[in-house]
Every structure is written in C-alpha cells, then in structure tokens.
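Heads up, the thing below is written out as structure tokens.
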Amino acid sequence: MNNRQLFLRHVAQTSDAPLALEIVKAQGMYMWDADGKQILDLIAGISVCNVGHCHPQVVKAIQEQAQQYMHLLVYGELVQSPQVTYARLLTSHLPAVLNSVYFTNSGAEAVEGAMKLSKRYTGRTEIIAFKNSYHGSTQGALSIIGQESMRSAYRPLLPDIQHLDYNAFESLEHITERTACVIAETVQGEAGVRVPQREWLLALREKCSQTGTLLVLDEIQCGLGRNGTLWAFEQFGVVPDILLLGKALGGGMPLGAFIANRDVMWCLTNNPVLGHITTFGGHPVNCAAGMAGMQALLEEDLVASVKEKEQLFLQYLQHPAIKTIRSLGLMMAVELENFPINKAVIDHCIANGLLTDWFLFAPECLRIAPPLIITPEQIRESCDIILEALDAVTGKQ
Ligand code: PLP
C-alpha cells in the first residue's frame, strides 16, 4: 500500500473527499508533492504561515530550543524564557491593558479559556456570539459557533448561549447585565470574509462597557498582520477585554493564546486555584518558533505591503463569473455562483499548481489568504491561474 492508501485507512478521516495530496517539502510560498510538482500556496495553511513555510529564522529557533529543552512541566510553574520573551514581545505591541498572556495549544483552547475566564470574572453565565461565526470544534467552542448544522449533532452543548446577527445594531439590545461576554471575530473568516462596520464594533464596545460585559475579539484567523495592521481591531478603533490568537501565532507550530488585563487574568489563580490547566500549552519550542515568526514579520515589515497586495488581487481578478470579492487585506473571499462551480474552479487551480479552497460557511466563495510574503509576480501568476480556471469552468470570458 502507498502512503495515500495508508492515510485513508489509518488516519482518521473527517470528510469523504480529502485533497489527499502527498506533500514532501514546503518552503516560502511553495509546497512540493511526492512527484516533485510545485504548488503555489494561496491559503497559508488557513492563515497560519503568514511568514511563509519553514521560514529560516523559525526553523533555526526551533532547532536551538529543541537542543536546549522541550517539555519541562505543566503550564505556569517554571520560568521558561521562550514563553516570557514571547509574552513580552506580544504585549509590547498591544494596548497597555492587554498585558497578560495565557498560552494554549490551539485556537479552540484559547476560546475555551476566554469563556471560562469571562464567567469567572463577571460571575455571570450568559455568553453571546454571532451567526456564521467560527471559533473551533471543542464542545465549548462548538456551542458558540454560528451554524446550527455543525452544532445540532452534538447536543446537549453549553447552556445560556445566544447567537445574534453580526454587524446588526439590533443585536446590541440583547447584551445585558446578565451577559458574561460577547465573543466576535473582528472580521468573520469562515462566513466568507465579512467585515463589520466600524460604527457597529464601536457600539458593541460601548454596550459591553455599559453592561460590565467582557468583549472578546477572536483574531485567531485575522490577527498578526493579515488584514493590513498587526491586529485587526486597530482598524476599528476598539480594544477588546480579551484577545484571542492562534494560527499564525506559532509561526507554523501549534500555539494559541488568550490575552487580557492582569487583574482579569488573576481570577484563574483562586477559587479554584489552577483555573485553567494545560500540559503542553505554551510549549517552549512552539513559543520560540512563534517568537521568531513574529520577529520576522516585524523585521521584514510584511504588514506594510498587505493593502497594496490586496489591491493587486482586486485589480487582476476581473471576470464575469465573479459576483463580488469581499476582503480586508490578504483575507479575501471571491464569490462565485454556487459551490459546484467554485469546487470545479478550485480543482482546476490545484491541477495547475495553485492551492486554494472554500470557506466552511460560504462554500460558494474561493479563499485567498496567502503567506504575506507573496510577491507581485506570484499574485499575477495566481490570478492568471484563477482566471483561466474560471474560463474553463464557466465558459465566460
Ligand atoms: N477562531 C477562528 C476565527 C478560527 O478561524 C479558528 C480555526 O479555523 C478557530 C477559532 C479555532 O482554531 P483551532 O483550529 O486552532 O482550534
């Protein structure tokens, strides 16, 4: 049996049609399959590889830390310099109130931590989230995601959760003194890149402050430069009480975080002590990798060119089969007629050496979320492949 057959037989499957390409190497903007075919990566492992695959500084940091020490003890007991220096770097680039970082294994665990912390800090139980939001697949995160089709098979889920319309002023009326927290993606990703109005996020911030509700912004997908600023919330003039990070945070290694004010975070130390426990959260090798990734992002000034690159995509992607393109920076959803057309376009792109996909809650939209290192030439090349695929699939020119 070859690796593909073994993969289908022994690696648990979550879909009946996985891509099942066997990748043997990845570097910068490219992956190579087992036949040596080069594939241009237009989705960055779903917003993970912001500095590209196997960035040399990230690889070096991993090697050096692995030689120094790997796992030592469960989270929070020992002083581990990769955690300390990364927490310091992150907080030095955040508003002063966000000064305490809890490192987790994943985005979903950061969501879980934020939900627990909000309940514990406010003494309240209600959590408000939004329709079409995605926050992860563990039971708590699943309870707040905004798609009934994904939740329904797993009931009972967490009680006292409301799902409201995103970017709708009427929703704000439901936030009351009963609400522990409101969790929102600053820009909705899996909904097909839905950018809220600035006024709505400001009003949401205001309503949370009035009612003593914590505002939790999920930047697991949109954080770390993808939207053209280091943090998406900067573009809306709001500061959350808790910020959620993941994906690109680990520079390609698994790492998440919930970040809050030290006074809020202090709740996890008492009644009960050890309010959130993790064995591997903040793993020193992953923190070293994340730190090197963020340093590369800053040193190479990658965030500064994001908006220009977005404009290039928008300029090149003109085709009658494209209904609209929603975007903020290098987080873009190209809306086509329906899923079958989108799927055929995606398959055509992959056959021609360009990796893209669709969105969980917007299957008619093609995803563009490349590593931020993509060059203007690679943008042109990607768009040419997409346009050719659109011609081939839809016949429109
Ligand atoms: N929040 C958002 C906005 C996400 O896009 C994701 C993952 O796609 C998550 C949370 C969950 O992160 P993870 O898959 O690391 O648990």
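How would V11, V58, V182 line up from fewest to most surrounding beta-carbon atoms within 10 angstrom?
On the way: V11 9, V58 26, V182 29.
Ascending number of Cβ neighbours within 10 Å: V11, V58, V182.
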Margin query: Output wanted: per-residue J couplings in Hz (rounded whole) for segment 240-254, from phi through Karplus 6.51 cos²θ - 1.76 cosθ + 1.60, θ = phi - 60°, x for Gly and Pro.
Written below: x, 7, 9, 10, 10, 10, x, 6, 5, 4, x, x, x, 10, x
Note to self: Ignoring solvent entirely, what values of log10 I(q)/I(0) come out of the Debye formula for the chain at 0.07, 0.09 Å⁻¹ when each Cα is a single scatterer?
What the structure shows: -0.32, -0.54
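To make sure I understand, if each residue's beta carbon is the centre and we count other beta carbons within 10 Å, what order do D218, D16, D357 fall in, fewest to most?
Numbers: D218 33, D16 5, D357 19.
Exposure proxy ranking, most exposed first: D16, D357, D218.
Multiplying the sequence separation of V273 and E381 by 0.36 nm and subtracting their Cα-Cα distance, what value in nm do you get?
My answer for the length gained is 33.4 nm.
Between K323 and K307, what is 0.36 nm times their sequence separation minus the Cα-Cα distance? Round to one decimal in nm.
Working: separation 16, 0.36 × 16 = 5.76 nm, distance 2.14 nm.
Using 0.36 nm per residue and subtracting the Cα-Cα distance, I get 3.6 nm.
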Check: In whole Å, how far is the Cα centre of segment 316-389 from that of segment 151-224?
Finding: 28 Å
Margin query: Suppose every Lys and Arg Cβ carries +1 and every Asp and Glu Cβ carries -1, with no other charges. What dipole size does segment 1-96 come out with about its Cα centre, to the nearest 20 debye?
Written below: 100 debye
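Which helices count as membrane-span-like in the chain under these terms: full DSSP H, at least 24 Å along the axis by C-alpha, Kyte-Doolittle mean of -0.5 or more?
Working: long enough: 376-394 (26 Å, 0.15).
Qualifying helices, which must be both long enough and hydrophobic enough, are 376-394.
Quick one: grab the alpha carbon gyration tensor of segment 117-276, order the square roots of its eigenvalues as a ≥ b ≥ c, and give me rounded if a/c is under 1.5, else prolate or oblate depending on whether a/b is larger than b/c. Don't skip to the answer; put the middle values down first.
On the way: a/c = 1.14, a/b = 1.08, b/c = 1.06.
Since a/c stays below 1.5, the shape of segment 117-276 is classed as rounded.
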Next item on the list: Place +1 on the Cβ of every Lys and Arg and -1 on the Cβ of every Asp and Glu in segment 1-154, take the dipole about the Cα centre, and give the residue among A114, S81, A20 whose Cα lies farthest towards its positive end.
Entry: A114
Notebook entry, point to check: For the cross-link pairs K25/K307; K116/K207; K116/K307; K116/K247; K207/K307; K307/K343, which exceed 25 Å when the distance is taken from alpha carbon to alpha carbon?
Noted result: K25/K307; K116/K307; K207/K307; K307/K343
Next item on the list: Enumerate the calculated ³J(HN,Hα) couplings along segment 167-175 in order (Karplus 6.51 cos²θ - 1.76 cosθ + 1.60, θ = phi - 60°), each rounded to whole Hz, writing x wherever the residue is Gly or Pro.
Entry: 6, 10, 5, 4, 4, 5, 4, 7, 7
Next item on the list: Name the residues whose placed amide hydrogens come within less than 5 Å of the amide hydrogen of V195, ignoring near sequence neighbours (fewer than 5 apart) on the same chain.
Entry: none
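In terms of the Cα gyration tensor, with a ≥ b ≥ c the square roots of its eigenvalues, is segment 212-292 rounded because a/c is under 1.5, prolate because a/b exceeds b/c, or oblate?
Values: a/c = 2.85, a/b = 1.12, b/c = 2.54.
Taking the square roots of the gyration eigenvalues as a ≥ b ≥ c, segment 212-292 is oblate.
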Checklist line | Cβ-defined net charge surrounding L366, 12 Å radius [Lys, Arg +1; Asp, Glu -1] | finding: -1
Check: Which part of segment 249-277 falls in the paramagnetic zone of I46, meaning amide N under 17 Å from the point 7 Å along Cα-to-beta-carbon?
Finding: 249-257
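Using the count of nearby Cβ atoms within 10 Å as a rough guide to exposure, how do H174, H55 rank from fewest to most? Numbers along the way, then the final one.
On the way: H174 15, H55 25.
So the residues, fewest neighbours to most, are H174, H55.
Where a number appears in this text, it was derived from the coordinates with a stated rule and is not lab data. Nothing here was measured: the structure is a model prediction, and the numbers come from that model. Every residue, glycine among them, receives a Cβ derived from its backbone with ideal geometry; neighbour counts consider all protein chains shown.
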